[in-house]
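Participant: Here's a structure for you.
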Amino acid sequence: MTVFEAAALPGEPPPADSVAPRDSTPDAPTSVARLNGTIRDFIARWNTVWVEGEITSWNLRGGNVFARLKDVRSDAQISIRIWSSVRARVPADLAVGDHVIAAVKADYFVKGGDFSFIVSSMKHVGLGDQLEKLERLRAQLRHEGLFDASRKKELPFLPHLIGLITGERSDAEKDVLRNAELRWPQVRFRTAHAAVQGDRSVPEVLAALARLDADPEVDVIIIARGGGDPQTLLGFSDERLVRAVAQASTPVVSAIGHENDHPLLDDVADLRASTPTDAAKRVVPDVGEQRALIAQLRARATGRLTQRISNDIARLEQLRTRPVLRSPDPIVDDRAQEVWLLASRGRDTLTRRLDAAQRTTSELRASLRALSPAATLARGYAIAHLDDGRILTDAVDAPAGTALTVTVDRGSLRARSEGQVAEDA
């Protein structure tokens, strides 16, 4: 508690800080700080209060939450603050529109004169146990891999037929159909109406999903519903529905509630849309954008092709202006003269080499003839052979009566040796 000490001087008004608010007068007013301190000290004696209301604003700044709670039956509102140390103890999915119960304690900020309530605990109305079960189921399905991005299927660029599961004559149905037709007028839908809240919701949505998933013409399925409190959206966190969507062969888009709504269907669907309107925009391409894209691509292709042709024409013109292409006759004539000179030189060289080779051959032929045994025989000599083919060079080798073959210049004859004849002195 703040303590103010009076320091009044005789004959002068007491300082404002020394005057309690209950004792203030026109001649002795209290100070703003004294007034705010008194209010704070009075409020600090209040106990914690449990209050029920609807969240109308939710602002996160520096890890702390600054929000407002509105009475569920009137326009009365209070400002609340949730410090970062308390946020870990309150549900993580709290958002604008939630119906909650909170434990609050009054707090008065002296410096700014702001009155608000500090939250020490907060929970959804009637949803405590259900939300705990929902979080356990979310953790289990995540552990099983049903939320993995690798198992999610890609949506077709332009679906020929879109399956839509929504409430009959609902705003969600109107939003999806209207926005899809605005983006692509020729879009086709096959709508399966089902209850989107209450006990009939899950069975009817399951039946509609099975019927559209079995239809071979349906390229993508949208499950759409408008916003609502967490209690009315619990059907879209049902384990049966979540597992059926995970097993569907057709891509499924979840468009449940608003941006802050987050049922389990959003996690398992192949694409999560923040609203039914967003689902139509993300499933169906915009015809205007596609036409603009095609026109842009055409312009780029035309520009590239024109540039390529222009470059090729310029290169051809450069080649045509070169001397070799503008007047090739001098170059051909110069080369023809060079070829004729080379051919003449080749012929002369070949003739000289042939003449030299012919002379060498003649000389070799003459030498061969001079050394040939036939030339010796032509001069009147003869060669005597024994029957075993040996040439007779010594008379001792041919005793009397030895058969001989005598070869002369023209032919050969048979003879017999008469023995060795004595050499004349």
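The values are calculated or read from the model by the stated rules, or taken from the named source; none is laboratory data. None of the values given here were measured: they were computed from a predicted structure. Neighbour counts are summed over all protein chains in view; Cβ atoms, including those assigned to glycine, are modelled from backbone coordinates with ideal geometry. Surface accessibility is based on the protein's heavy atoms, side chains included, excluding ligands, DNA and RNA. Shrake-Rupley method; radii C 1.70, N 1.55, O 1.52, S 1.80 Å.
Participant: Step by step: first the residues of segment 26-66, then only those that are among the aliphatic types (A, V, I, L, M) and part of a loop (DSSP other than H, G, I, E, B), then the one that is surrounded by the fewest Cβ atoms within 10 Å (Cβ to Cβ). Which residue is that?
Facilitator: In the first step, residues of segment 26-66 are kept if they are among the aliphatic types (A, V, I, L, M); the result is 28, 32-33, 35, 39, 43-44, 49, 51, 55, 60, 65.
Those still in the list that are part of a loop (DSSP other than H, G, I, E, B) too: 28, 44.
Values: Ala28: 14, Ala44: 12.
Top of the filtered list is Ala44.
Participant: Only one of Glu217, Glu181 is over 19 Å from Lys153 (Cβ atoms) and open to solvent by 30 Å² or more (accessible area, probe 1.4 Å). Can you tell me which? Even if it seems obvious, please write down each step before you answer.
Facilitator: Details: Glu217 fails: over 19 Å from Lys153 (Cβ atoms).
Step by step, each of Glu217, Glu181 is checked, and only Glu181 is over 19 Å from Lys153 (Cβ atoms) and open to solvent by 30 Å² or more (accessible area, probe 1.4 Å).
Participant: Determine, yes or no, whether Leu146 is part of a helix (DSSP H, G or I) and touching a residue at least 12 places away in the same chain (Cβ under 8 Å). If you could, list the steps in order and put the result at the bottom.
Facilitator: On the way: part of a helix (DSSP H, G or I): no; touching a residue at least 12 places away in the same chain (Cβ under 8 Å): yes.
Spelling it out, it is not the case that Leu146 is part of a helix (DSSP H, G or I) and touching a residue at least 12 places away in the same chain (Cβ under 8 Å).
Participant: Let me confirm something: among Gly288, Gly303, which residue is part of a helix (DSSP H, G or I), open to solvent by less than 60 Å² (accessible area, probe 1.4 Å) and within 30 Å of Gln186 (Cβ to Cβ)? Give the derivation first.
Facilitator: Numbers: Gly303 fails: within 30 Å of Gln186 (Cβ to Cβ).
From the options Gly288, Gly303, the qualifying one is Gly288.
Participant: Additional query: Output the residues belonging to segment 257-285 that are among the charged types (D, E, K, R), under 21 Å from Leu94 (Cα atoms) and either at pLDDT below 90 or outside any helix (DSSP H, G or I) (or both). Walk me through how you get there before you give the answer.
Facilitator: Here is the first cut: in segment 257-285, the residues among the charged types (D, E, K, R) are 259, 261, 266-267, 270, 272, 278, 281-282.
Within this subset, residues satisfying the condition of being under 21 Å from Leu94 (Cα atoms) are 259, 261, 266-267, 272.
The answer is Glu259, Asp261, Arg272.
Participant: Give segment 89-121 a look and list any residue that's touching a residue at least 40 places away in the same chain (Cβ under 8 Å), open to solvent by less than 40 Å² (accessible area, probe 1.4 Å) and among the hydroxyl-bearing types (Ser, Thr, Tyr), or say none.
Facilitator: Listed by number, the list holds a single entry, Tyr108.
Table: residues versus (1) under 32 Å from the mean Cα position of the chain (by Cα); (2) not basic (Lys, Arg).
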| position | (1), (2) |
| --- | --- |
| Gln186 | yes, yes |
| Ala192 | no, yes |
| Arg200 | no, no |
| Ala207 | no, yes |
| Asp213 | yes, yes |
| Thr232 | no, yes |
| Val242 | yes, yes |
| Ala255 | yes, yes |
| Asp261 | yes, yes |
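Participant: Go through (1) out of contact with any helix residue (DSSP H, G or I) (no Cβ under 8 Å at 6 or more places or on another chain); (2) open to solvent by less than 60 Å² (accessible area, probe 1.4 Å); (3) over 22 Å from Leu141 (Cα atoms) and name the single condition Leu297 misses.
Facilitator: The one condition Leu297 does not meet is (2).
Participant: Here are the criteria: (1) buried (at least 17 other Cβ atoms within 10 Å of the Cβ); (2) more than 30 Å from Ala292 (Cβ to Cβ); (3) not aromatic (Phe, Trp, Tyr). Tell me which single one Arg240 does not satisfy.
Facilitator: That leaves (1) as the condition not met.
Participant: Name the residues in segment 67-88 that are surrounded by 12 or more Cβ atoms within 10 Å (Cβ to Cβ) and either outside any loop (DSSP other than H, G, I, E, B) or out of contact with any Gly (no Cβ under 9 Å at 6 or more places or on another chain) (or both), would you?
Facilitator: If we filter segment 67-88 for residues that are surrounded by 12 or more Cβ atoms within 10 Å (Cβ to Cβ), which is where we start, we get 67-71, 77-83, 86-87.
Within segment 67-88, Ala67, Arg68, Leu69, Lys70, Gln77, Ile78, Ser79, Ile80, Arg81, Ile82, Val86, Arg87 qualify.
Participant: Now, a different point. Here are some residues: Leu364, Leu386, Leu354. Which one is open to solvent by less than 70 Å² (accessible area, probe 1.4 Å) and modelled with pLDDT of 80 or more?
Facilitator: On the way: Leu364 fails: open to solvent by less than 70 Å² (accessible area, probe 1.4 Å); Leu354 fails: open to solvent by less than 70 Å² (accessible area, probe 1.4 Å).
Of the residues listed, the single one that is open to solvent by less than 70 Å² (accessible area, probe 1.4 Å) and modelled with pLDDT of 80 or more is Leu386.
Participant: On to the next question. Could you give me the residue pairs with C-beta distances under 9 Å whose first residue belongs to segment 365-389 and is at positive phi, whose second residue is not in a helix (DSSP H, G or I) wherever it lies, and which are 6+ apart or on separate chains?
Facilitator: Here the result reads Gly380/Val408; Gly380/Asp409, each pair linking segment 365-389 to a residue that is not in a helix (DSSP H, G or I).
Participant: Arg335: surrounded by 10 or more Cβ atoms within 10 Å (Cβ to Cβ), at pLDDT 90 or above and not β-branched (Val, Ile, Thr), yes or no?
Facilitator: Numbers: surrounded by 10 or more Cβ atoms within 10 Å (Cβ to Cβ): yes; at pLDDT 90 or above: no; not β-branched (Val, Ile, Thr): yes.
So Arg335 does not fit the description; no.
Participant: Given (1) surrounded by 10 or more Cβ atoms within 10 Å (Cβ to Cβ); (2) out of contact with any helix residue (DSSP H, G or I) (no Cβ under 8 Å at 6 or more places or on another chain); (3) modelled with pLDDT of 80 or more, identify the lone condition not met by Thr407.
Facilitator: If we test Thr407 against (1) surrounded by 10 or more Cβ atoms within 10 Å (Cβ to Cβ); (2) out of contact with any helix residue (DSSP H, G or I) (no Cβ under 8 Å at 6 or more places or on another chain); (3) modelled with pLDDT of 80 or more, just (2) comes out false.
Participant: Just checking: which of the helices (runs of 4 or more DSSP H) contained wholly in segment 321-425 hold 1 or more residues that are within 60 Å of the chain's Cα centre (by Cα)?
Facilitator: Values: elements: 323-326, 329-371, 373-378.
Passing ranges, in order: 323-326, 329-371.
Participant: Quick check: is even one residue across segment 197-206 open to solvent by 50 Å² or more (accessible area, probe 1.4 Å) and farther than 30 Å from His99 by Cα? Steps first, please.
Facilitator: So in segment 197-206, the residues open to solvent by 50 Å² or more (accessible area, probe 1.4 Å) come out as 197-200, 203-204.
If we keep only those that are farther than 30 Å from His99 by Cα as well, we get none.
Scanning segment 197-206, I find no residue that is open to solvent by 50 Å² or more (accessible area, probe 1.4 Å) and farther than 30 Å from His99 by Cα, so the answer is no.
Participant: So is Arg169 over 27 Å from the mean Cα position of the chain (by Cα) and surrounded by fewer than 19 Cβ atoms within 10 Å (Cβ to Cβ) or not? Spell out the reasoning first.
Facilitator: On the way: over 27 Å from the mean Cα position of the chain (by Cα): yes; surrounded by fewer than 19 Cβ atoms within 10 Å (Cβ to Cβ): yes.
Against the criterion (over 27 Å from the mean Cα position of the chain (by Cα) and surrounded by fewer than 19 Cβ atoms within 10 Å (Cβ to Cβ)), Arg169 qualifies.
A quick yes/no check of all residues on (1) of a type in the set (Gly, Ala, Ser); (2) under 22 Å from Ala248 (Cα atoms); (3) part of a loop (DSSP other than H, G, I, E, B):
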residue	(1), (2), (3)
Ile165	no, yes, no
Glu168	no, no, yes
Val176	no, yes, no
Glu181	no, no, no
Gln186	no, no, yes
Ala192	yes, yes, no
Gly198	yes, no, yes
Glu204	no, yes, no
